[in-house]
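Below you'll find the structure, written out as C-alpha cells, and then a few comments.
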Amino acid sequence: MAIGFGGYRVSVTSDEHREALEKAVDLGISLIDTSANYTNGDSEKLIGEVLKKSQNKPLLVSKVGYIQGGNLQVIEELNNEGKAVEDLVKVNESLWHSIHPDFIRNQIGLSLERLQVDALDSYLLHNPEYYFYEEGATQEEYYKRISKAFACLEDLVSEGLIKSYGVSSNNFVLATDNAKVTDIDKVYACAEKISKDHNFKWIQFPFNLIEIDALEKHYSGFSLLDKAKAMNLKTMVNRPLNAFKGEDLIRLASYSELMEFISDEKGESLLETCLELLNEKVQEEDPEENIRELPLIKQFIGIWNGLPSEDAVQQVFMGHFFPLVAKIWGGDLSAKDSEPFYELYDCALNYSRKRMNEVAEDFRQQAVKTGLISDEKRPLQISLLEKYQDYGFDYILVGMKRSIYVEQLKDLI
C-alpha cells in the first residue's frame with residue numbers, strides 16, 4: 001500500500017496548498033489524484049505548476065464526468081456544435097454529468113493543458129452512477145454508456161494521451177442486487193468486449209473503518225477488493241479519514257498535537273468586537289437600529305462557535321456572514337477593516353477542528369477497545385492508515401491541504 005495525494009480541494013490560488021503539495025512531492029509521494037472539476041480546474045493547474053518544477057514524477061491520475069462551474073459553458077458550446085448532446089444527465093441547474101465520448105475528448109485536452117503534461121498515467125470515469133438520476137434508468141443502459149466511454153478511452157491510449165483508464169465510483173461498494181450498483185464484473189466485461197488486451201487497469205472507491213463495504217462479500221463469497229485483485233486491477237481508496245455515519249460526517253483524524261485550540265473567552269471577545277463594529281456601521285445610517293436584532297445575526301450568534309466541520313464553517317461565513325458584512329459596509333471595506341471578521345472566521349475554524357478532534361478521540365477509544373488498533377499515543381490517522389495496509393489496497397488517497405498534515409504522514413509516504 002502507498003499513500004497518494006488527494007487533490008480534491010486544493011487550488012492554484014492557495015499558497016498553503018502549494019506548499020503542502022510541494023512538500024509531498026519532495027518527500028516522494030508516489031501518486032497524485034485529481035479531477036477536471038476539482039476547484040473548477042484549479043486543482044489540476046496547481047499540480048501542473050508544482051510538477052513542472054520538480055524532478056520527482058509521481059503517477060498522475062485525473063477524472064472526467066462532472067459538469068460544473070466553467071464546464072457548464074463548455075458543454076453548452078459542445079452542444080451548439082451538435083456534440084455530447086446524447087447521454088447528458090442534468091442533476092440540477094449547476095450540476096450536470098456526462099461520460100459521452102465527445103465530452104471525454106474535450107476534457108482530456110483541457111486536463112492535459114492544465115497539468116502541463118503530454119499524457120496521464122490513468123484517466124478515470126468519475127462517478128458514472130450519476131446516470132441513475134435519470135427517470136427510468138436501467139442497469140442495461142448504464143453499462144452501454146460505460147462501454148461507449150471505454151471505447152473512447154481505448155482510442156486515447158492508442159493516441160498516447162493516456163496510458164490506462166478506469167472508473168471511480170461510490171457505487172462499487174453496493175450489494176450486487178442494488179439497482180444503482182456499479183458491478184465490477186459487468187464493468188470489466190465492458191472492457192473485455194472491446195479487447196482482451198484492454199487498458200482498463202484502475203478502480204477507485206470509498207473505504208474507511210466505518211464504511212467497510214469494499215470488504216463485504218457481495219460477489220458470491222468474494223469482496224470488491226477480492227475481485228479487483230483477481231482481475232489485476234489497481235485499487236485506489238478515497239475518503240480513508242472522512243466517514244459518513246447516517247447524515248453525519250466524521251473526521252477520523254486527530255490534530256491536537258499540531259495546533260493550539262482557542263479558548264471560549266477569546267472567541268466571545270472576538271464575536272463582541274465584530275458585532276460592535278457592525279453595530280457602529282449600521283447606526284451611522286439609523287441610530288436606532290441594533291445589529292443583534294437582525295434574524296441572520298441572531299442565528300449566526302447561536303451557531304458560529306458550534307459548527308461541526310470546516311466545510312460547515314465555510315458555508316456559514318462565505319455564504320451568509322461575509323456577504324452581510326460587505327452589504328453593511330458598502331464598497332469601502334478595506335483589508336484592515338476586514339481583519340476582525342477574518343479573525344472570527346479563523347476562530348470558528350479552530351473550534352470546528354477542536355470538535356472534530358474530540359469526535360476522533362472518541363472513535364479512537366472505541367477502536368482500541370474492539371482491538372482494531374493498538375493503544376498507542378499517536379495521531380489516529382497514522383494508526384488507521386497503517387491498519388489499511390493489512391487489507392491490501394494499492395493506494396490510499398489522503399487530502400493534505402496543509403504542510404503540517406504532510407509532515408505528520410511523512411513516514412508513510
How large is log10 of I(q)/I(0) for segment 264-357 at q = 0.20, 0.23, 0.25, 0.26 Å⁻¹ when the intensity is taken from the Debye formula with one equal scatterer per alpha-carbon? -0.99, -1.27, -1.46, -1.54
Just to confirm a number: summing +1 for Lys and Arg and -1 for Asp and Glu over residues other than LEU110 whose beta-carbon lies under 11 angstrom from that of LEU110, what do you get? +1
Projected area averaged over orientations for the chain, convex hull of C-alpha atoms, nm²: 23.4 nm²
Restrict the search to segment 211-252; then list the GluC sites (Glu not before Pro) that DSSP places in a loop and that have at most 11 other Cβ atoms within 10 Å of their Cβ. GLU247
For segment 341-413, rounded, prolate or oblate, judged on the Cα gyration tensor with a ≥ b ≥ c (square roots of eigenvalues), a/c < 1.5 rounded, else prolate if a/b > b/c? oblate
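Here, each number is a calculation from the coordinates, and none is a lab measurement. Quantities reported herein were computed from a predicted structural model and do not represent experimental measurements. Virtual Cβ from ideal backbone geometry, glycine too; neighbours counted across all protein chains shown.
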